């Protein structure tokens, strides 16, 4: 299966990396952002995986949206203490990244069909959920 990706970034103090479970691969934070989004989609009736999982680049969950399979991944840019792996927080807003992967068949990829774009409805809905539910958001844009 081919995969396309797009991302957006925002800053906030609403999510607490210190309360997150440890990422078993790397000291990377972002679980709380992924769990927040997973629950927001679940509460809206979307089919999402039961738990947020970790990878070496961050945290993710899968979602079925408009009969398509996607992965939403997150990471929070916080340094970790080398000995404990705990986040080093300074009271400043934390930059968070949300990325989207849209799973496509090999045929779709070869034919250039169903590509993920910045105006994909899942991307737009996720961006709106963040803007509506994060009280101190500073939206940094898309990459």
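Each reported figure results from applying straightforward, stated rules to the coordinates on display, with no laboratory input. Computed from a predicted structure; not experimentally measured. Positions of Cβ are backbone-derived with ideal geometry, glycine not excepted, and every protein chain shown enters the neighbour counts.
Things worth noting here:
- Axis of helix 121-133 versus longest Cα principal axis of the chain: the two differ by about 30°, to the nearest ten degrees.
- In plain terms, the chain from residue 57 to residue 117 could stretch by 19.4 nm, reckoned as 0.36 nm per residue minus the Cα-Cα distance.
- Axis of helix 31-43 versus longest Cα principal axis of the chain: the two differ by about 50°, to the nearest ten degrees.
- Here is how the number arises for the chain: DSSP H runs of 4 or more residues each give -39500 (n - 2.57), the sum is divided by the residue count, and the result at 222 nm is -6500 deg cm²/dmol.
- Tensor-based shape of segment 1-52 (alpha-carbon gyration tensor, a/c under 1.5 rounded, otherwise prolate or oblate): rounded
- Working ranking of peptides 96-104, 47-55 by packing, defined as the average number of other Cβ atoms within 10 Å per residue, highest first, is 96-104, 47-55.
- Convex hull volume per residue for the chain, taking Cα atoms only, in Å³: 113
- Principal axis extents of the C-alpha atoms in segment 81-143 (largest first, rounded to whole Å): 48, 32, 16.
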